[in-house]
Amino acid sequence: MYFKEKIIVIVSLLFCAINTNAQNIDIDLLKPINKHETDFKNKYLELCASSVTATSMALPVGVFAAGLIKHDKKLQINAAYMMGAYLTSAIITQGTKRIFDRNRPFQDYAFIVKRDDESGGMSFPSGHTSAAFSTATSLSLYYPKWYVIAPAYLYAASVGWARMYQGVHYPTDVLGGAIVGAGSAWLSYKVHQHIDKKNLAKKKSAINKATL
């Protein structure tokens, strides 16, 4: 066997070993989260998971409506970028799902209890978690008050926990969703800041020229 072929075989075996080990860690972490069922967790976590899409869309719409009522253009623009972050996270999430094409936990492990009748398709990353963290991060960036940040991230974390408890996502799915969601919101916010700075620089330049 040629040296290059040996390297390919070794790398392939190493990748398989790492992937198997990571999968074992994933399912070991998931088992205790999924196992212990209570009536409170059933109701609270189901509420968190089922409300994500409506919440993620209603908050930017609400902020935009408040901007219209108050004739506050800043609120309207903030709402547009928040919605943009949510849509960006959704696109990235769906694209990533198709790349990895990962089964859901209950599909591969008979001992995992499925508590969400509507979940199907691909597992990585968690779309619910992505949406929740996108919304939480957008709110926290635009309105950095503890009474906004704390409940926003408590809700987002509860959504991620709910998806594991329901047996439809691994911990790494939830982690991936949180990164995609928060990253999309941060990117949208930075784009907003960059455009604002450029517009402000143009205004200052126009004022300076007018005063000459």
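With respect to Ser140, determine if the residue is within 19 Å of Met82 (Cα to Cα), of a type in the set (S, T, N, Q) and in a helix (DSSP H, G or I). Break it down stepwise before answering.
Working: within 19 Å of Met82 (Cα to Cα): yes; of a type in the set (S, T, N, Q): yes; in a helix (DSSP H, G or I): yes.
Here the answer is yes, as Ser140 does meet what is asked.
With (1) at pLDDT below 95; (2) crowded, with 18+ Cβ neighbours inside 10 Å as the list, and Ser140 as the residue in question, which single condition is left unmet?
(1)
Please determine, by comparing only the residues of region 103-126 that are of a type in the set (D, E, K, R) and open to solvent by 50 Å² or more (accessible area, probe 1.4 Å), which one is nearest to Val191 (Cα to Cα). Steps first, answer last, please.
Looking only at region 103-126, we keep the residues that are of a type in the set (D, E, K, R), and these are 104, 108, 114-118.
Going one step further and asking which of them are open to solvent by 50 Å² or more (accessible area, probe 1.4 Å), we end up with 108, 114, 117-118.
Numbers: Asp108: 41, Lys114: 40, Asp117: 38, Glu118: 35 Å.
Restricting to residues being of a type in the set (D, E, K, R) and open to solvent by 50 Å² or more (accessible area, probe 1.4 Å), the top hit is Glu118.
In region 88-121, what residues are over 10 Å from Gly181 (Cα atoms) and under 15 Å from the mean Cα position of the chain (by Cα)? Before the answer, list the steps.
Of region 88-121, the ones over 10 Å from Gly181 (Cα atoms) are 91, 94-121.
Listed by number, the residues that qualify are Ile91, Gln94, Gly95, Thr96, Lys97.
Suppose the filter is touching a residue at least 60 places away in the same chain (Cβ under 8 Å), among the aromatic types (Phe, Trp, Tyr), assigned to a helix (DSSP H, G or I) and open to solvent by 50 Å² or more (accessible area, probe 1.4 Å); does Tyr44 pass it?
So Tyr44 passes the test.
For Trp161, indicate whether it is open to solvent by 50 Å² or more (accessible area, probe 1.4 Å) and touching a helix residue (DSSP H, G or I) at 6+ places or on another chain (Cβ under 9 Å). Spell out the reasoning first.
Working: open to solvent by 50 Å² or more (accessible area, probe 1.4 Å): yes; touching a helix residue (DSSP H, G or I) at 6+ places or on another chain (Cβ under 9 Å): yes.
Answer is yes for this residue.
Can you find even one residue in region 95-102 that is free of Cβ contacts under 8 Å to residues at least 12 places away in the same chain and either of a type in the set (Asp, Glu) or part of a loop (DSSP other than H, G, I, E, B) (or both)? Walk me through it before giving the result.
Kept after step one, since they are free of Cβ contacts under 8 Å to residues at least 12 places away in the same chain, are these residues of region 95-102: 95, 99.
With the extra rule that they be either of a type in the set (Asp, Glu) or part of a loop (DSSP other than H, G, I, E, B) (or both), the set shrinks to none.
No - not one qualifying residue is present in region 95-102.
Just give me the residues in region 168-204 being closer than 18 Å to Gln76 by Cα and either open to solvent by less than 30 Å² (accessible area, probe 1.4 Å) or in contact with a Lys or Arg (Cβ under 8 Å, 6 or more places away or on another chain) (or both), in sequence order.
Hits for region 168-204 are Ala185, Ser188, His192.
Kindly check whether there is at least one residue in region 50-66 that is in contact with a Pro (Cβ under 9 Å, 6 or more places away or on another chain) and at pLDDT 85 or above. Step through it out loud before you land on a result.
From region 50-66, those in contact with a Pro (Cβ under 9 Å, 6 or more places away or on another chain) are none; that's our starting set.
Checked against the condition, which is being in contact with a Pro (Cβ under 9 Å, 6 or more places away or on another chain) and at pLDDT 85 or above, region 50-66 yields no hits at all.
The values are calculated or read from the model by the stated rules, or taken from the named source; none is laboratory data. Just so it is clear, the model here is predicted, and its values are computed rather than measured. With ideal geometry, Cβ positions are generated from the backbone for all residues, glycine too; neighbour counts draw on all protein chains shown. All accessible areas refer to the heavy atoms of the entire protein, side chains included, with ligands and DNA or RNA removed. Shrake-Rupley method; radii C 1.70, N 1.55, O 1.52, S 1.80 Å.
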